[in-house]
Each structure stands twice: as C-alpha cells, then as structure tokens.
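The values are calculated or read from the model by the stated rules, or taken from the named source; none is laboratory data. On a predicted model such as this, the values are computed, not experimentally measured, just so you know. Backbone-built Cβ (ideal geometry, glycine too); neighbour counts: all protein chains shown.
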C-alpha cells in the first residue's frame, strides 16, 4: 500500500515522499493518520538547519517508534502478532511523523511495548482538539512544577501554543492575576481567550515594569515559554522576591547569567520542566503525574469545556502547503498559531 509523508528536500524546502506502508511486527500498530500537528518550536529549528545543510533531512528524525516530539491523530489500521491493547478502528493519538500512516509500538526503556507512543482517545473531541493533549502535557507538566496556588500571581512569557496552554492551566488552577507577555498583538488577543487576566505587549512597553505594576512588585511565579534565552533573564527580573521561575521553553542558544543582582538577591527558585521525564507509564511515589495521565486529563478538560483550544487553530492545510507554512513560521510569530496537516484523502 502506498502512503505519503513530509521530508525536507536536499535543495528545496518541504517535499512529499511516497513510501510503502510497513506490516506491523509483534506488538506493533499501524495507524491511518487523519491529522498531524506541527510542534513549531522544534520543527522550525529543524527545518532551518536541514535547509542550511547542518541538520537531518527529515522533519522528524528518530526511530520508527517511541516519542519523537510530534503528534498525529488517527485510527488503528492493522496490528501485529500479540497486540492486545489496541484493535483496528480504535481512535488514537500517536507520536508520529507528518504522513498518512505511522508504525508504532516498539519497546520503551522500561520494557512497556506501547504506552509511550500511542494513547486511546476516550472523549468526544475533534481530531484537532484531541491533538492539543500532546503539547498540553508539556504545559501541564510545567504548571505542576510551578506548584501554583489559588490567587498566586503568575506571568507567562511567550504566547505560542505551549504558552497559551500554560496560561490556561494557570487560570484553572486559581492563579490571579495571570499575565500573558508576547511581542505579537494577535497572540495576546488569543491569550485573553485562553485565560489571561492581563496582557503585555513587549514590543510596545517595558514588559518587566508592566508585570511589576500589575502584580504589585513582581510575579510569584514566572514561566519561560519561548525559545529565546534572553527571555529567561526577563522572567528573573519580573519575578517577586522568593518567587519561582519555571523554564518550559528550551532555548537554542547559550546565555550568561549574573547571579547576584536578581537571582541571589531575591532568593529565587529556578525550576526546570522536562515533561519527557514522565514519559514512561510507571508512577513514581513522589510524582504520580505521568504524561499518559496528563493527556487523559487534558482531553477531559477540553470535552467538559474547562479549557478552550479551538481559538488556537490557525490552519488545517493540505500537505502540499507545508513548505509555505514552514517558511511562514520561520519568518516570525505573526499570522499563525497551531498548524495541522490533513491526511484523510492521502491514501487508502
């Protein structure tokens, strides 16, 4: 059976490649994909490095199974010998490449055959809504690391998809005020729908001073939800005395930090957030919030209307539009948010 997927060409941009759908081996599952969602932060960087000749020529490098950082929604097409957890027709979310089909189910580091790379959709959601549980688990993990309390003041620097979801989870956790900071006015308008009580346009005003004014001296918890390393310094400066700074975004560049003026003087707590640590299905006695549990919670919250995500969908595009959309993302934050590719008509 022929299928199609996206790759980065050697001299051009994103191209569509035809491939044969593999037969599933023991414990494996083949997914017929309906939608794939772009993870803008990592994929845009990979796209640019591939075009420059410094990176892998696939959008999603890695083995054929397990988490690759990218997200697909579809139904189980076929299963391999011994597969009992899933059957043909099951509606699932998988960590798959951009393509019409995806093979998953190889053993994880702990020996679990399927848990890290596929999860059943148990709620009445659209494909796009269900997909937000993948990037949502990154945001939810960060908010849990922040240990947000009712009426705690919060600022979220960066209002991409993960930043928007971080804003939403802070609000439903009872934080107030919830300040959203970005340089794009359109994203700040979306942040209001996500749950921000206040917004700051960093392209027009001093974001640090604005946050201090809104929060009465500094945010008790500041979230870094952007690829820019410099924003980490802004988080430190905008945090209150004995406040917390949670790093959700993974900066690509290095940064020099003068510890004394802000970090030590204010007795700040710096907390890393790496959701991938919770990727296995084993529950640690001191951290029971696995990613599988997080994604199930997010789907329930979307289904119940506790958080909104439809306003974060900017494009549902055909694969032929991929290169133009990647170039749009690489150019800056304006005019897009969460982008999906539609694979429903791409193969049988």
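Assorted remarks:
- Only one entry of 229, 238 meets the criterion of being in the same structural domain as residue 188 (by TED's automatic domain parsing), at pLDDT 95 or above and within 18 Å of residue 181 (Cα to Cα), and that entry is 238.
- Residues that are over 19 Å from residue 332 (Cα atoms), buried (at least 19 other Cβ atoms within 10 Å of the Cβ) and free of Cβ contacts under 8 Å to residues at least 40 places away in the same chain, drawn from region 178-197: 178
- Among all positions in region 214-226, there is no residue which is out of contact with any strand residue (DSSP E or B) (no Cβ under 9 Å at 6 or more places or on another chain) and either surrounded by fewer than 20 Cβ atoms within 10 Å (Cβ to Cβ) or not assigned by TED's automatic domain parsing to the domain that holds residue 336 (or both).
- Counted residues, region 103-121 - those being under 18 Å from residue 33 (Cα atoms) and either modelled with pLDDT under 50 or in contact with a helix residue (DSSP H, G or I) (Cβ under 7 Å, 6 or more places away or on another chain) (or both): 5
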